[in-house]
Amino acid sequence: MSYIDEVMERVVAKNPGEAEFHQAVKEVLDSLRLVVEANEEEYRKNGLLERLVEPERVISFRVPWVDDQGRVQVNRGFRVQFNSAIGPYKGGLRFHPSVNQGIIKFLGFEQCFKNSLTGLPIGGGKGGADFDPKGKSDREVMAFCQSFMTELNKYIGADTDVPAGDIGVGAREIGFLFGQYKRIRGVYEGVLTGKGLTYGGSLARTEATGYGLIYLLDEMLKQNGKELAGKTVVVSGSGNVAIYATQKATQLGAKVVALSDSNGWIYDANGINLDVVREIKEVRRGRIKEYADAVPSSEYHEGKGIWSVKCDIALPCATQNELNLDDVKTLVANGCFAVAEGANMPTTREATEYLLENKIMFAPGKAANAGGVATSALEMTQNSMRLSWTFEEVDKKLQEIMVGIFSKMADAAKRYGVEGNYVAGANIAGFEKVVMAMNAQGIV
């Protein structure tokens with residue numbers, strides 16, 4: 001049995017029931033076979049892969065809080081500090097009922113390679129809780145965030161672990177978390193990113209993941225003899241990533257015709273009116289079906305099915321494993337020639353393989369959605385320097401980073417004889433930097 005297969009077997013045995021974590025590890029290790037087999041004896045002797053797939057630290061804790069009816073509620077919080085070989089742990093916090101240890105480990109593992117690809121000195125981590133902020137009052141969200149940070153503050157710091165937002169954690173939640181950290185620790189430092197502009201946040205951070213997705217997509221198309229202008233795009237989700245991906249794609253001449261949320265999806269043949277979406281989602285915190293009321297020429301469809309819309313480019317920006325084999329078969333049959341992941345692992349393993357087999361340009365999430373964490377690292381830099389850069393300065397650095405990420409993954413794929421396979425390229429490029437740092441630091 002090969003070294004990779006041995007390690008994969010151990011991962012499954014030691015982490016029972018953590019399907020998303022197993023999936024993420026298998027996808028990465030399979031694409032690293034070419035690299036590992038060339039150095040198998042050395043990697044095996046140093047237990048390199050065993051150390052790579054085992055988090056440095058997993059923290060799980062109780063989060064009690066009081067709701068508006070005066071009842072005590074209890075949730076479970078997590079922080080997985082996966083790998084600090086290239087810098088302090090960096091990765092978002094997710095507040096969603098689906099959160100469990102396996103999902104946080106999968107996200108933390110992916111984050112190691114994503115952060116490595118940015119070229120910035122940040123390690124991999126992730127955290128969250130099975131708390132649902134939907135339908136909660138501001139006071140309830142504050143109560144939860146303060147309780148969550150009362151425990152989490154023991155394990156984080158500006159040079160140790162710097163969390164950010166993710167699903168369910170936006171500007172409101174980051175503000176409450178930062179306030180509680182400052183109150184308990186008595187220090188004012190860049191311990192969280194995604195902060196408000198009045199207290200250390202960075203311009204362009206809100207837009208960063210969506211903008212970065214389009215910058216990398218645009219570069220991928222250019223390097224393959226195509227362009228974004230004039231293309232029809234379908235975007236799943238209607239949160240932060242989807243909204244700003246839609247905005248930037250539209251600015252670059254594409255037409256986005258569909259968005260979704262967990263209840264259903266909208267189709268607007270004239271192109272999505274982003275002002276309407278932002279009013280619904282960012283101001284009212286409403287549901288995407290309200291778009292059809294505001295734009296009578298559009299259609300609302302309950303449930304799944306957004307990938308049945310004919311398009312040139314598909315951007316899954318909602319959640320993990322949302323794009324399955326049947327979906328991608330439909331996309332390919334309808335003429336889709338490029339897919340770029342705005343969410344974390346939104347495409348199933350079978351669907352990814354089908355896209356690669358059919359020569360569809362495919363940008364994996366650890367590369368395509370790295371713009372958010374890249375700009376978070378730029379926020380950390382500004383905090384350390386006590387500076388605030390202009391929107392244009394941050395946006396320019398973001399674009400340079402995303403173009404650089406595409407170059408790294410394209411080059412790595414070419415070097416190992418799998419040119420055009422950006423999944424393998426992203427994994428190899430991210431892996432090489434982390435492994436060099438781990439080897440340099442000894443057995444830790």
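So the values come out like this:
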item	result
Some residue of region 369-377 being more than 12 Å from Lys114 (Cβ to Cβ), at pLDDT 95 or above and hydrophobic (A, V, I, L, M, F, W, C)	no
Region 174-222, residues that are polar (S, T, N, Q) and either touching a residue at least 24 places away in the same chain (Cβ under 8 Å) or crowded, with 21+ Cβ neighbours inside 10 Å (or both)	Gln180, Thr193, Ser202, Thr206, Thr209
Residues (closer than 20 Å to Asn369 by Cβ and assigned to a loop (DSSP other than H, G, I, E, B)) located in region 231-290	Lys231, Gly237, Ser238, Gly239, Leu252, Ala254, Asp261, Ser262, Ile272
Number of positions in region 342-388 that are assigned to a loop (DSSP other than H, G, I, E, B) and not basic (Lys, Arg)	13
Conditions (1) at pLDDT 95 or above; (2) under 30 Å from Gly404 (Cβ atoms); (3) surrounded by 19 or more Cβ atoms within 10 Å (Cβ to Cβ): number failed by Val99	(2)
Subset of region 1-21 (residues that are without any contact (Cβ under 8 Å) to a residue 24 or more places away in the chain and part of a helix (DSSP H, G or I))	Asp5, Glu6, Met8, Glu9, Val12, Ala13, Lys14
Selection from region 162-203 of residues that are of a type in the set (S, T, N, Q) and either under 24 Å from Lys281 (Cα atoms) or under 17 Å from the mean Cα position of the chain (by Cα) (or both)	Thr193, Thr198, Ser202
Candidate set from region 268-287 (those that are closer than 25 Å to Asn334 by Cα and buried (at least 20 other Cβ atoms within 10 Å of the Cβ)); member that is nearest to the chain's Cα centre (by Cα)	Ile272
Yes/no for Gly119 being part of a helix (DSSP H, G or I), touching a residue at least 40 places away in the same chain (Cβ under 8 Å) and of a type in the set (Gly, Ala, Ser)	no
Inter-residue pairs, beta-carbon under 7 Å, first of a type in the set (Ser, Thr, Tyr) and in region 135-147, second not in a helix (DSSP H, G or I), 6+ apart	Ser137/Asp68; Ser147/Val63; Ser147/Pro64; Ser147/Trp65
Filter result for Lys226 (in contact (Cβ under 8 Å) with a residue 40 or more places away in the chain, surrounded by fewer than 24 Cβ atoms within 10 Å (Cβ to Cβ) and not in a helix (DSSP H, G or I))	yes
Subset of region 129-144 (residues that are closer than 21 Å to Lys105 by Cα and touching a Phe, Trp or Tyr at 6+ places or on another chain (Cβ under 6 Å))	Ala129, Phe131
Filter result for the condition that a residue is touching a Pro at 6+ places or on another chain (Cβ under 9 Å), touching a residue at least 12 places away in the same chain (Cβ under 8 Å) and farther than 18 Å from Asn240 by Cβ, over Val339, Val328	Val339
Residue within region 61-79 that is within 27 Å of Gln146 (Cα to Cα), of a type outside the set (A, V, I, L, M, F, W, C), within 18 Å of the chain's Cα centre (by Cα) and at pLDDT 95 or above present	yes
Among residues of region 244-255, those that are of a type outside the set (Ser, Thr, Tyr) and under 21 Å from the mean Cα position of the chain (by Cα), counted	4
Among residues of region 147-172, those that are in contact with a strand residue (DSSP E or B) (Cβ under 8 Å, 6 or more places away or on another chain), surrounded by fewer than 23 Cβ atoms within 10 Å (Cβ to Cβ) and in a helix (DSSP H, G or I), counted	2
Criterion (of a type in the set (Asp, Glu) and surrounded by fewer than 17 Cβ atoms within 10 Å (Cβ to Cβ)) met by exactly one of Glu299, Glu322, Glu290, Glu341	Glu299
Residue, nearest to Asp261 (Cα to Cα), within region 309-341, restricted to residues that are part of a helix (DSSP H, G or I) and over 24 Å from the mean Cα position of the chain (by Cα)	Thr330
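The values are calculated or read from the model by the stated rules, or taken from the named source; none is laboratory data. Here the structure is a predicted model, which means the values were calculated and not measured. Virtual Cβ from ideal backbone geometry, glycine too; neighbours counted across all protein chains shown.
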